[in-house]
Amino acid sequence: MTMNGTASLEQEREATLAEIQRLQGFVVVALDEASDEADPDVAEREKTLALIQNLERKIEEIDYALATARKGNYGICEECGQPIDPERLALLPETTLCVKCKQVREKRRAW
Ligand SMILES: [Zn+2]
């Protein structure tokens, strides 16, 4: 189980990194165009930069989950210590919280 978990984490990390690089290439091209053209598509570039930031945050989450995995705690909720639903882990390999604790944490943040 631990092996499967980290394998999908590594895959997720690679795919996310590739996506960041693709988007960064996009932004660089946009910047080059901006220097030549009077009307650069600023909104579009900012959207791309926001996307990159989201993906970088995701990388951080994946790294955190990988560190957890190295300690042998992968798939265990860091809040309540219960095993995380394998279906949830399959969908969201970077998660370190079970559904219940995640909901509690989100409510706390919302307030
Ligand atoms: Zn929990």
Considering segment 53-78, residues that are hydrophobic (A, V, I, L, M, F, W, C) and touching a Leu at 6+ places or on another chain (Cβ under 9 Å), and then whichever is farthest from the ligand (Cβ to nearest atom), we arrive at LEU55
ALA90: passes all of (1) at pLDDT 85 or above; (2) among the small types (Gly, Ala, Ser); (3) surrounded by 12 or more Cβ atoms within 10 Å (Cβ to Cβ) but (3)
If I filter segment 98-110 for residues that are closer than 12 Å to SER8 by Cα and not charged (D, E, K, R), do I get at least one hit? no
With the first residue restricted to segment 50-74 and required to be buried (at least 16 other Cβ atoms within 10 Å of the Cβ), and the second required to be not in a helix (DSSP H, G or I), Cβ contacts under 6 Å at 6 or more apart or on different chains are GLU61/GLU94; ILE62/GLU94; ALA65/GLU94; ALA65/THR96; THR68/TYR74; THR68/THR96
Over segment 93-111, the set of residues of a type in the set (S, T, N, Q) and either surrounded by 14 or more Cβ atoms within 10 Å (Cβ to Cβ) or within 18 Å of LYS58 (Cα to Cα) (or both) is THR95, THR96
Given (1) surrounded by fewer than 15 Cβ atoms within 10 Å (Cβ to Cβ); (2) within 16 Å of the ligand (Cβ to nearest atom); (3) touching a residue at least 24 places away in the same chain (Cβ under 8 Å), GLY81 misses just (3)
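The values are calculated or read from the model by the stated rules, or taken from the named source; none is laboratory data. Everything numeric here is computed off the predicted structure, so don't read it as measured data. Cβ sites come from the backbone with ideal geometry, for glycine too, and all protein chains shown count toward neighbours.
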